[in-house]
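Trainee: Here it is, the structure, as structure tokens.
The values are calculated or read from the model by the stated rules, or taken from the named source; none is laboratory data. Please read these numbers as outputs of a predicted model, since none were measured by experiment. So basically every Cβ, Gly included, is an ideal-geometry build from the backbone, and we count neighbours across all protein chains shown. Side chains are part of the model used for accessible areas, which takes the heavy atoms of the whole protein and leaves out ligands, DNA and RNA. Shrake-Rupley method; radii C 1.70, N 1.55, O 1.52, S 1.80 Å.
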Amino acid sequence: MKLASWLHPILAVALAPLLPVLIQRVKALFAGRCGPPWGQGYRDLWKLLRKGGTYSRTTTWVFRAGPIVQFACLLVALLVVPAGGLSAPVAFDGDWILLAYVLGLGRFFTVSAALDTGSSFEGMGASREVQFAVFTEPALLIGLAALARETQSLSLSPIYAELATGWELPLRILLGAGFFILYLAENCRIPVDDPNTHLELTMIHEVMVLDHGAVDFGFIQWGSALKLWVLGALWAGLLPLGTLPGPLTRLAAGAGGILALAVLTGIVESVTARVRLLRVPQLLVGAGVLCTLGLLLTIR
Amino acid sequence: MQSGTGSLLIFLILTDLLLLGSSRLRNAIRIAAAQGVALGLLPWLAHGHLTGSALLLGAGSAALKGVVFPALLNRALREIHVRREIEPLIGYIPSLLIGTGVLAAAFAFGARLPLPWESPSPLLVPAGLFTLWTGLFLIMARGKAITQVLGYIVMENGIFALGMAVVEAMPLLVELGVLLDVFVAVFVMGILVFHINREFDHIDADQLDALKEGAP
């Protein structure tokens, strides 16, 4: 285990709070406002982490465990996801399945915590979250399977190391588009869910965390920033960055790809409206179809 | 040229999938037009050099499918005030899922199909078959006559793409493709005439069953 491979998780945990701010600043630029200052994400976290929590008497330990388990799951996910063609700290055969399940476990606890409050409102958000996960999880697994098949290896680090040094273009485009839709859906960005909305009827992710406060909410925000980073790293790994000299340059290029994806998300959020709730499954099935097409191309 | 052909064929497959999932007729017409124009490039890309017949075929098909058909269909749309397919016989998500299954079948079948000549790209036969089957599916699963015409055009696109595999060896197939084009044009005109007659207030092809002889 090389020491350099730990750089990426540490960098990710430190830089992740920048991503939501970056997206907001891009949106602000489009709207002609100036947006939050760059340090806002850190300030919010610092404020929330110092607060004392309040818990309803109807909640149990599940409610308290939700944010922490979600955060821990994303830390584990960071350990297996490589960036910029560099090897991840933990790599073994089948770790891409661990990645999918760890993301699923985090979601399960977020949803359970929402249900634990007993609020019918949070139940509604939880139901929607799980409904969309039914479409995104198979799409993610199929997309990763296509990558594994193409590169003939079963671990994310060799897969992405191989990807970084040249590969067939059509597959990159297909999976890039598929992963981008998954990224937007999993992170509750605009075509699927609006992170700024407070119109209860259409909220998905925000409604599930309404009853969390203080430290718990801080972990939720940090966790959602990390999720942006993890899925962004999966997408940025499709870029051919392996030809750059030196591991540090490649790591910087990988992080740059993740930041560029956040900028792209900000642009998408500015120029598109969110689709109707009934049409979201169609969008997600579309992502699944793109990933399946990628898999079919590798099998032929 | 190899990767150019591959990208073009994947574009073909993607436009098929878009057609399966789109409910707005105007968008569907636009997608089918883009598909037709892209197919016009195929003879040139697939064979790597410009022959007179390939140029003629490509330019002719692109002009017909990219300009003439969309104009005709859009005019028909304007006159009959239909914007979207409201109740398809098979919904959009099931259509997409069936499309994925059909795509897998096309790849499996395309890999086994013995061709008399070597195909310019391994994707050509699956993409052509899938386009063909998508067109057939659109004809079967959609209720509006306009979408069925679109399905017919898409089916012809598939035949055109398949013909590319043997274009230099068999000009007859190309001729057949052009003939089919003319037939589609006639078909489109038929829709217009049908509308001008204004016998009915709708273009739901299902309800035309009631016109059968012997029906009350």
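Trainee: Any chance you could list P(r) for segment A:200-242, counting all Cα-Cα pairs in 5 angstrom bins from zero, rounded to whole %?
Mentor: With 5 Å bins starting at 0, P(r) equals 6, 19, 18, 17, 15, 11, 7, 6, 2, 0.
Trainee: To continue, here is another question. Please give the average number of partner chain Cβ atoms lying within 10 Å of the Cβ of each residue in A:274-285, rounded to a whole number.
Mentor: For peptide A:274-285, the averaged partner shielding equals 2.
Trainee: Let me ask you something else. Any idea how far the Cα center of segment A:3-81 sits from the one of segment A:147-161, in Å?
Mentor: First find each Cα centre; the distance between them is then 29 Å.
Trainee: OK, next. Excluding B:E156 itself, calculate the net charge of residues whose Cβ lies under 11 Å from the Cβ of B:E156, where each Lys or Arg counts +1 and each Asp or Glu counts -1.
Mentor: Result for the neighbourhood of B:E156: 0.
Trainee: Right, another one. Using a 10 Å cut-off around each Cβ of peptide A:286-297, what is the average number of partner chain Cβ atoms that fall inside?
Mentor: Average per residue, whole number: 5.
Trainee: In whole percent, and with a 1.4 Å probe on the protein chains, what portion of the accessible area of the protein assembly as shown is carbon and sulfur?
Mentor: That share works out to 67 percent.
Trainee: A follow-up question, please. How big a patch of accessible area, both sides summed and in Å² to the nearest 100, lies buried between B and A at a 1.4 Å probe?
Mentor: 1400
Trainee: Rounding to the nearest 10 and keeping the result within 0 to 90°, find how far the Cα-based axis of helix A:95-116 lies from the longest principal axis of chain A.
Mentor: Helix A:95-116 and the main axis of chain A meet at about 10 degrees.
Trainee: Please list B:95-107, A:76-88 highest first by mean number of surrounding beta-carbon atoms within 10 Å per residue.
Mentor: A:76-88, B:95-107
Trainee: Pop out a list of residues from segment B:94-116 that are at least 40 Å² less accessible with all the protein chains around than in their chain alone; 1.4 Å probe, no ligands or nucleic acids counted.
Mentor: B:L96, B:T100, B:F107
Trainee: Roughly speaking, what is the centre-to-centre gap between segment A:209-269 and segment A:278-295 when only Cα atoms are used, to the nearest Å?
Mentor: Computed from Cα coordinates, the inter-centre distance equals 22 Å.
Trainee: When the helices in chain A are scored as -39500 (n - 2.57) per DSSP H run of 4 or longer and the sum is shared across all residues, what 222 nm value do you end up with, to the nearest 500 deg cm²/dmol?
Mentor: Dividing the helical sum by the residues of chain A leaves -23000 deg cm²/dmol.
Trainee: Between beta-carbons, use under 12 Å as the cut-off and find the net charge around B:L132, counting Lys and Arg +1, Asp and Glu -1.
Mentor: Net charge in that neighbourhood comes out at -2.
Trainee: Between A:A252 and A:I97, what is the label-to-label distance in nm when each label sits 7 Å out along the Cα-to-Cβ direction?
Mentor: In this crude spin-label approximation the distance works out to 3.9 nm.
Trainee: What chymotrypsin sites (Phe, Trp or Tyr not before Pro) does segment A:77-133 have in DSSP loop regions with at most 16 other beta carbons within 10 Å?
Mentor: Answer in residue order: A:F92.
Trainee: Evaluate E = 1/(1 + (r/R0)^6) for A:R149 and A:A260, where r is the Cβ-Cβ distance and R0 equals 30 Å; express this FRET efficiency to the nearest 0.05.
Mentor: About 0.65, to the nearest 0.05.
Trainee: Would you calculate the convex hull of the Cα atoms in segment A:172-275 and tell me its volume per residue in Å³?
Mentor: Cα convex hull per residue, to the nearest whole number: 105 Å³.
Trainee: Here is a follow-up. Below 14 angstrom from the Cβ of B:L39, what's the summed charge of the other residues (Lys, Arg +1; Asp, Glu -1)?
Mentor: Result for the neighbourhood of B:L39: -2.
Trainee: Given a 1.4 Å probe, how much area per residue of the protein assembly as shown is accessible, in Å²?
Mentor: Solvent-accessible surface per residue comes out at 45 Å².
Trainee: Considering the alpha-carbon set of segment A:3-299 alone, what are its Rg and its Dmax in angstrom?
Mentor: 18.6, 57
Trainee: Using the scaling law 2.2 N^0.38 Å as the reference, what is the normalised Cα Rg of the protein assembly as shown?
Mentor: 1.10
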